[in-house]
Amino acid sequence: MTSTPLGDTEVRGFRAGDGPSLVEAWGRSAPADPVTADRFRSLVLLDANFDPEGLRVAVAGDGRIAGAAYAVRRLTPLYGTDAEPRQGWIPFFFVDPAARGHGLGRLLLTEALDWLRAHGRTRVDFSSYTPNYLLPGLDAGTYPEAAKLLDSLDFRTLYEAAAMDRSLVGYRLPEAVTRRRDELMAQGYRFKTPADDDLVELIALARDHFTPDWARAIRECLVSGTPPDRIVVVREPAGSLVGWAMHGAYESAQERFGPFGVLARMRGTGLGKVLLHLVLARMRAHGAHGAWFLWTGERSPAGHLYRTAGFTTTRVFRVLRRETDR
């Protein structure tokens, strides 16, 4: 794409040397969700699907970065051979407060959407890009101006994702959970840290019954050095692995809980509640003062389970989508 002027501001693709200034501008623009240079490098620049032209950067006449909008499409399939040829994402955009009110945010987003359209992407989601989303969607309460802008560009809410937190100060395994664990173990269920040989089955369980992105997260965190004791798995009496819970899978954040899953046929047995609390107990033993995650359905069975375990909703994100014919 060519560059586009707006007054004395030029919008162009990302170039070497933009990174430090872009991270600083991000912090000024979204102080509730700043990013470090390390995270920007890992989640954006080193992403397998990163294309510099998709990261539209607004540069003011004095050389300062005034804003950016990031568009991405799959060059490498998340799993198998499906590159999702119609699908694109906008994981983030921002405009420096000093540059707002002149149409720069609209120009940045329009250029990002045009870039995706030029690559055949007619369905665009904000901002639920896997594997490297920064936030699940739009926190309209924190960013009302962004909500209005996205709405004016025909983005519509697909669903909402709730982020939840729980203090672990003074946490102890509830007696009811201990009793249920003991009852399940008496029936032949086994809760354990996975051995190396268990990991193959764990990754297959996450991939085939939940989402390939969870399988990727588990594999990559273990390869990068996350200890297996961050994971608790459970086997049913017949021997099959039917669920797991963990922490520290994403960006080595010890206090970040998940991913977490129990086979649908095993739900209602209390396995999920036991797994959740066993991992919370391990987190506390590792010195964590809290547990948090970014994404669940607030009214889903999982959301109910988290609330009964002491989690409360701290943010709500709208996962948005825009679709065009061509």
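The values are calculated or read from the model by the stated rules, or taken from the named source; none is laboratory data. Please read these numbers as outputs of a predicted model, since none were measured by experiment. Glycine gets a Cβ as well: all are built from the backbone with ideal geometry, and neighbour counts include every protein chain shown.
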**Asked** Any idea which of A309, A285, A291 is more than 18 Å from A206 (Cβ to Cβ) and surrounded by 20 or more Cβ atoms within 10 Å (Cβ to Cβ)?
**Response** A291
**Complete:** All conditions in (1) under 26 Å from the mean Cα position of the chain (by Cα); (2) assigned to a strand (DSSP E or B) are true of V23 except (2)
**Complete:** Checked pairs for the stretch 164-178, first within 17 Å of H289 (Cα to Cα) and free of Cβ contacts under 8 Å to residues at least 60 places away in the same chain, second loosely packed, with under 15 Cβ neighbours inside 10 Å and hydroxyl-bearing (S, T, Y), C-beta under 7 Å and 6 or more apart or across chains, list as none
**Asked** Would you say G258 is without any contact (Cβ under 8 Å) to a residue 24 or more places away in the chain, on the phi > 0 side of the Ramachandran plot and either touching a His at 6+ places or on another chain (Cβ under 8 Å) or exposed (fewer than 15 other Cβ atoms within 10 Å of the Cβ) (or both)?
**Response** no
**Fill in**
G239 passes all but one of the listed conditions (1) of a type outside the set (F, W, Y); (2) more than 18 Å from A186 (Cα to Cα); (3) in a loop (DSSP other than H, G, I, E, B); the exception is number (2)
**Request:** Taking the residues in the stretch 149-181 that are among the acidic types (D, E) and under 21 Å from the mean Cα position of the chain (by Cα) as candidates, determine which candidate is nearest to F311 (Cα to Cα).
**Result:** D165
**Message:** Would you confirm whether or not the stretch 153-161 contains a residue that is touching a Phe, Trp or Tyr at 6+ places or on another chain (Cβ under 7 Å) and without any contact (Cβ under 8 Å) to a residue 60 or more places away in the chain?
**Reply:** no
**Prompt:** Any residue at all in the stretch 197-208 that is assigned by TED's automatic domain parsing to the domain that holds R265, under 30 Å from L138 (Cβ atoms) and surrounded by fewer than 20 Cβ atoms within 10 Å (Cβ to Cβ)?
**Reply:** yes
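Table: residues versus (1) out of contact with any strand residue (DSSP E or B) (no Cβ under 8 Å at 6 or more places or on another chain); (2) assigned by TED's automatic domain parsing to the domain that holds R86; (3) within 20 Å of L135 (Cα to Cα).
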{"position": "E251", "(1), (2), (3)": "yes, no, yes"}
{"position": "G258", "(1), (2), (3)": "no, no, yes"}
{"position": "G268", "(1), (2), (3)": "yes, no, no"}
{"position": "K273", "(1), (2), (3)": "yes, no, no"}
{"position": "W295", "(1), (2), (3)": "no, no, yes"}
{"position": "P301", "(1), (2), (3)": "yes, no, no"}
{"position": "A309", "(1), (2), (3)": "no, no, no"}
{"position": "R321", "(1), (2), (3)": "no, no, yes"}
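The rows are residues; the columns are (1) touching a helix residue (DSSP H, G or I) at 6+ places or on another chain (Cβ under 6 Å); (2) charged (D, E, K, R); (3) modelled with pLDDT under 95.
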| position | (1), (2), (3) |
| --- | --- |
| R256 | no, yes, no |
| T269 | no, no, no |
| T313 | no, no, no |
| R321 | no, yes, no |
| R326 | no, yes, yes |
**Complete:** Taking the stretch 208-236 and keeping only residues that are in contact with a Gly (Cβ under 8 Å, 6 or more places away or on another chain) and in a strand (DSSP E or B), one is left with V233, V234
**Prompt:** Assuming L184 fulfils every condition listed in (1) within 23 Å of the chain's Cα centre (by Cα); (2) crowded, with 18+ Cβ neighbours inside 10 Å; (3) assigned to a helix (DSSP H, G or I) apart from one, which condition is it?
**Reply:** (1)
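Results for (1) farther than 15 Å from P301 by Cβ; (2) touching an Asp or Glu at 6+ places or on another chain (Cβ under 7 Å); (3) among the small types (G, A, S), shown as yes or no for each residue.
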position: F210; (1), (2), (3): no, no, no
position: G225; (1), (2), (3): yes, no, yes
position: L241; (1), (2), (3): yes, yes, no
position: F257; (1), (2), (3): yes, no, no
position: V262; (1), (2), (3): no, no, no
position: H277; (1), (2), (3): yes, no, no
